[in-house]
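The values are calculated or read from the model by the stated rules, or taken from the named source; none is laboratory data. These numbers come from a predicted model, not from an experiment. Cβ: placed from backbone, ideal geometry, glycine included. Neighbour counts: every protein chain shown.
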Amino acid sequence: MDNKLIAGVDEAGRGPLAGPVIAAAVILHPKQPIEGLTDSKLLSEKQRERLFHIIREKALAWSVARATVTEIDSINILQASLLAMQRAAAKLSVAPQLILVDGNISPVFGCESRAIIKGDQTEAAISAASIVAKVLRDRIMRLLDMKYPQYGFAKHKGYPTAQHMQALQLHGVSRVHRRSFAPVAERLLK
């Protein structure tokens, strides 16, 4: 891509019923490639953790940002994801010339950007961002599990698993649940 300084941007946590959506932006060092980068969902937790540390060490720049549950409920999950991506890119210590975003929509950044469907499987910088976002979101969900142990967030990370749905029925809606998501909204009506 013409030796441009490229940032990869991706998010983690669009599908869960609870917790923030996390976005990461990564500019990889052109002279320090990282082996094994791919979509975070294709890696084990152990592999993601190992790569997370390597990315933080070798990347030219990386940053992370979130959109809160309140923002998700206020502007919807897509807009909140795009907002988190903008925030992550804005926090980079080095300004990219091109931003590659995983998916089919790119938010507006201060430079050229391109959305790439399945970009987390084809573009190393997006893969790196995918890994950073996923590792940090999982850590947040483990912390939320300590505050709300009855929901099992450490295990399912807020996704609508059978265990999570049962916990919602039993314990009701917590402060970290996304009220605009149908299963949570339905529980609020009971």
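Quick one: count up the residues across segment 83-93 that are of a type outside the set (D, E, K, R) and either within 12 Å of Asp10 (Cβ to Cβ) or assigned to a loop (DSSP other than H, G, I, E, B) (or both). The qualifying residues number 6. Comparison of Leu136, Leu168 shows that the only residue that is farther than 26 Å from Leu43 by Cα, touching a residue at least 40 places away in the same chain (Cβ under 8 Å) and either surrounded by 17 or more Cβ atoms within 10 Å (Cβ to Cβ) or under 14 Å from the mean Cα position of the chain (by Cα) (or both) is Leu168.
For every residue, the table says whether it meets (1) farther than 18 Å from Leu17 by Cβ; (2) modelled with pLDDT of 95 or more.
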| site | (1), (2) |
| --- | --- |
| Pro33 | yes, no |
| Leu42 | yes, no |
| His53 | yes, yes |
| Leu60 | yes, yes |
| Ile75 | no, yes |
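Answer with yes or no whether Leu143 is part of a helix (DSSP H, G or I), surrounded by fewer than 21 Cβ atoms within 10 Å (Cβ to Cβ), free of Cβ contacts under 8 Å to residues at least 60 places away in the same chain and under 17 Å from the mean Cα position of the chain (by Cα). Criteria met by Leu143. In segment 42-51 there is at least one residue matching the filter, namely being surrounded by 13 or more Cβ atoms within 10 Å (Cβ to Cβ) and over 16 Å from the mean Cα position of the chain (by Cα). Filtering segment 107-123 to residues that are of a type in the set (Gly, Ala, Ser) and assigned to a loop (DSSP other than H, G, I, E, B) leaves only Gly110. Glu71 falls short on exactly one of the conditions (1) out of contact with any Pro (no Cβ under 9 Å at 6 or more places or on another chain); (2) free of Cβ contacts under 8 Å to residues at least 60 places away in the same chain, and that condition is (1).
Of all residues in segment 149-163, none that is under 14 Å from Val173 (Cβ atoms) has its Cβ atom under 7 Å from the Cβ atom of a residue that is at pLDDT 95 or above and of a type in the set (Lys, Arg), 6 or more apart or on another chain.
Among the residues of segment 153-165, is there at least one that is within 14 Å of Ala25 (Cα to Cα) and surrounded by fewer than 20 Cβ atoms within 10 Å (Cβ to Cβ)? Checked against the condition, which is being within 14 Å of Ala25 (Cα to Cα) and surrounded by fewer than 20 Cβ atoms within 10 Å (Cβ to Cβ), segment 153-165 yields no hits at all. In the set (1) part of a strand (DSSP E or B); (2) more than 24 Å from Ala95 (Cα to Cα), Ala25 fails one condition alone, (2). The residue of segment 171-190 that is farthest from the chain's Cα centre (by Cα), among those that are surrounded by fewer than 17 Cβ atoms within 10 Å (Cβ to Cβ) and not in a loop (DSSP other than H, G, I, E, B), is Leu189. Looking across Ala89, Ala23, one residue alone is touching a helix residue (DSSP H, G or I) at 6+ places or on another chain (Cβ under 6 Å), surrounded by 15 or more Cβ atoms within 10 Å (Cβ to Cβ), at pLDDT 95 or above and among the aliphatic types (A, V, I, L, M). It is Ala23.
From the list Thr38, Thr68, which one is out of contact with any Ser or Thr (no Cβ under 6 Å at 6 or more places or on another chain), among the β-branched types (Val, Ile, Thr) and surrounded by fewer than 21 Cβ atoms within 10 Å (Cβ to Cβ)? None of the others qualify; the one that does is Thr68.
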